[in-house]
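Note sheet for the following structure.
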């Protein structure tokens, strides 16, 4: 990358980080392709150390429970938790008395 473009990009990001408060506590990127790890590494050049600490790219969803132990009990098993699997957790059960009109 051209050094002048790199310097301008870094300065722009610094201005935005000072002028606009960052409200994000943490961001988990789940099931991202391995190439995104490389993209994240490249982005580190432009981001502050505090912002970098907030990003958690995970190539495998099963690692999410270990990253967020406070909610691991409720996370689906596919994401390293102890909760219901995704399919049954999303199933809506209707009582026998309910009917719906087909239009």
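Laboratory data are not the source of any read-out in this text; all were calculated from the coordinates shown. Predicted model, so just to flag it, every value in this text is computed and none were measured. Neighbour counts are summed over all protein chains in view; Cβ atoms, including those assigned to glycine, are modelled from backbone coordinates with ideal geometry.
So for 22, 67, fewest C-beta neighbours within 10 Å to most, what's the order?
On the way: 22 11, 67 16.
In increasing order of surrounding Cβ atoms, one gets 22, 67.
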Shape of the range 3-89 from its Cα gyration tensor (a ≥ b ≥ c, root eigenvalues): rounded if a/c is under 1.5, otherwise prolate when a/b > b/c, or oblate? prolate
What list do you get for 24, 86, 75 if you sort them by fewest beta carbons within 10 Å? 24, 86, 75
The simple spin-label model distance between residue 9 and residue 86, using points 7 Å out along Cα→Cβ, in nm, is 3.2 nm
Given a cut-off of under 8 Å on Cα pairs at least six residues apart, what relative contact order in percent is computed for the range 3-89? 22 percent
Residue 41-residue 22 pseudo-label distance in nm [points 7 Å out on the Cα-to-Cβ vector]: 2.1 nm
